[in-house]
Amino acid sequence: MSTTYHDIEQDLIHAFRAGKLATPDIDARFLLEAITQYSRAQLLLARSMPCPPQMVDTLRAACERRLKGEPVARIIGKREFWGHSFSLSPETLEPRPDSESLIELALTHFADRAKPYKILDLGTGTGCLIAALLKEFRHALGWAVDRSFGAIQQAKKNFAALDLSERVICINGSWADALSGPFDCVISNPPYIPQHTHLSREVANHDPALALFAGCDGLDAYRTLFPSLARLLSPEGCAFFEFGIDQELALRKLAGEHSLNVIAVQKDLGGLPRVLAVNRGK
Ligand code: GLN
């Protein structure tokens, strides 16, 4: 008897529930949509039709990988961020919805969408942050830096797929060492997890350690980045940093030590402080 699209979806859901995954229905749906290349509506229309045997095999293999802790985005090789699709590589962090708070805050600060802002992204990974901003600011120019060669190669491909290659320069290097500025806007979602933190198997085994960990308190990247802002930011410029749980106070203090002015802190979807905005002060 042939397996219908509905059967295979139910199989995935049951397997994921039995495997105690956090979001079994959503995971099944995303895998099915990505592998069949059918939309939700098309899958409903096709629900009682037979799923080609080769596709069933592919879905079963994907199911096994998910049950072993591989995130859906790693299996399908891409992830949505700010309404755009970003391909992943082993060297790139998987974009997270919480990082969209950084985009929201930057948009409230830079109200004029037509200005030719210069934007610098330090530790670009997939390029999701700077690509989201370049899509909003149609005349802006971007500089995307990552110390991982594999990440910068992947970011380049993502910029090309989003038709942004003409407006972004990719640099394989350490933070802003090769740059002098001035930039209107500096953004970064640096590594900020304290070394030796216990992470879920999804994160620990599949996100690159280089993009996650930053010293014993997780603040090493900010210690390197904050002193360079006096050089990098234009007098009216503003920098936006994502940070982790319980790091707000330490970051405010660090900003003060480098004569930076904290102008805003933005919360994430879960209501936790997640993004710090600073300028050079007066
Ligand atoms: N800027 C990228 C992101 O937000 C990568 C961040 C990182 O590697 N720490 O996804």
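The values are calculated or read from the model by the stated rules, or taken from the named source; none is laboratory data. Note that this is a predicted model, so its numbers are computed, not measured. With ideal geometry, Cβ positions are generated from the backbone for all residues, glycine too; neighbour counts draw on all protein chains shown. The accessibility values were calculated without ligands, DNA or RNA, using every heavy atom of the protein model including side chains. Shrake-Rupley method; radii C 1.70, N 1.55, O 1.52, S 1.80 Å.
Looking only at segment 227-238, count how many residues are in a helix (DSSP H, G or I) and under 21 Å from the mean Cα position of the chain (by Cα). I'd like the intermediate steps shown before the answer.
Step one: filter segment 227-238 for residues in a helix (DSSP H, G or I), giving 227-232.
With the extra rule that they be under 21 Å from the mean Cα position of the chain (by Cα), the set shrinks to none.
The total comes to 0.
If a residue has to be open to solvent by 10 Å² or more (accessible area, probe 1.4 Å) and among the hydrophobic types (A, V, I, L, M, F, W, C) to count, how many in segment 225-256 make the cut?
5
Let me spell it out: the conditions are (1) in contact with a strand residue (DSSP E or B) (Cβ under 7 Å, 6 or more places away or on another chain); (2) farther than 22 Å from residue 120 by Cα; (3) not β-branched (Val, Ile, Thr), and residue 240 meets all of them except one. Which number is the exception?
(2)
All but one of (1) surrounded by fewer than 17 Cβ atoms within 10 Å (Cβ to Cβ); (2) modelled with pLDDT of 95 or more hold for residue 119, so report the exception by its number.
(1)
Rundown of residues vs (1) within 16 Å of the ligand (Cβ to nearest atom); (2) under 20 Å from residue 211 (Cβ atoms), yes/no style:
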{"residue": "52", "(1), (2)": "no, no"}
{"residue": "55", "(1), (2)": "no, no"}
{"residue": "69", "(1), (2)": "no, yes"}
{"residue": "73", "(1), (2)": "yes, yes"}
{"residue": "87", "(1), (2)": "yes, yes"}
{"residue": "105", "(1), (2)": "yes, no"}
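Is there a residue being at negative phi, surrounded by 15 or more Cβ atoms within 10 Å (Cβ to Cβ) and part of a helix (DSSP H, G or I) anywhere in segment 75-90?
yes
Is it the case that residue 241 is at pLDDT below 95 and under 17 Å from the mean Cα position of the chain (by Cα)?
Values: at pLDDT below 95: no; under 17 Å from the mean Cα position of the chain (by Cα): yes.
In short, no.
Yes/no per residue for (1) open to solvent by 60 Å² or more (accessible area, probe 1.4 Å); (2) within 14 Å of the ligand (Cβ to nearest atom); (3) over 23 Å from residue 234 (Cα atoms):
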| position | (1), (2), (3) |
| --- | --- |
| 115 | yes, no, no |
| 131 | no, yes, no |
| 141 | yes, no, no |
| 144 | no, yes, no |
| 157 | yes, no, yes |
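Give segment 1-14 a look and list any residue that's open to solvent by 30 Å² or more (accessible area, probe 1.4 Å) and of a type in the set (A, V, I, L, M), or say none.
To start, the set of residues in segment 1-14 that are open to solvent by 30 Å² or more (accessible area, probe 1.4 Å) comprises 1-3, 6-7, 10-11, 14.
Within segment 1-14, just 1 meets the criteria.
Looking only at segment 270-282, how many residues end up being over 19 Å from residue 185 (Cα atoms) and out of contact with any helix residue (DSSP H, G or I) (no Cβ under 6 Å at 6 or more places or on another chain)?
Start the filter on segment 270-282 by keeping residues that are over 19 Å from residue 185 (Cα atoms), which leaves 270-273.
Now narrow it down to the ones that are out of contact with any helix residue (DSSP H, G or I) (no Cβ under 6 Å at 6 or more places or on another chain): 270-272.
Looking only at that region, the number is 3.
Being open to solvent by 20 Å² or more (accessible area, probe 1.4 Å) and under 24 Å from residue 152 (Cβ atoms) narrows it down to one residue among 183, 213; which is it?
Working: 183 fails: open to solvent by 20 Å² or more (accessible area, probe 1.4 Å).
Matching residue, one of 183, 213: 213.
Name the residue that is nearest to residue 28 (Cα to Cα), counting only residues in segment 39-59 that are open to solvent by less than 60 Å² (accessible area, probe 1.4 Å) and in a helix (DSSP H, G or I).
59
Taking segment 257-270 as the region of interest, how many residues are open to solvent by 40 Å² or more (accessible area, probe 1.4 Å) and in a loop (DSSP other than H, G, I, E, B)?
Residues flagged as open to solvent by 40 Å² or more (accessible area, probe 1.4 Å) and in a loop (DSSP other than H, G, I, E, B) within segment 257-270 amount to 4.
Report yes if residue 95 is within 9 Å of the ligand (Cβ to nearest atom) and free of Cβ contacts under 8 Å to residues at least 40 places away in the same chain, otherwise no. Give the steps one after another, and end with the answer.
Details: within 9 Å of the ligand (Cβ to nearest atom): yes; free of Cβ contacts under 8 Å to residues at least 40 places away in the same chain: yes.
So residue 95 fits the description; yes.
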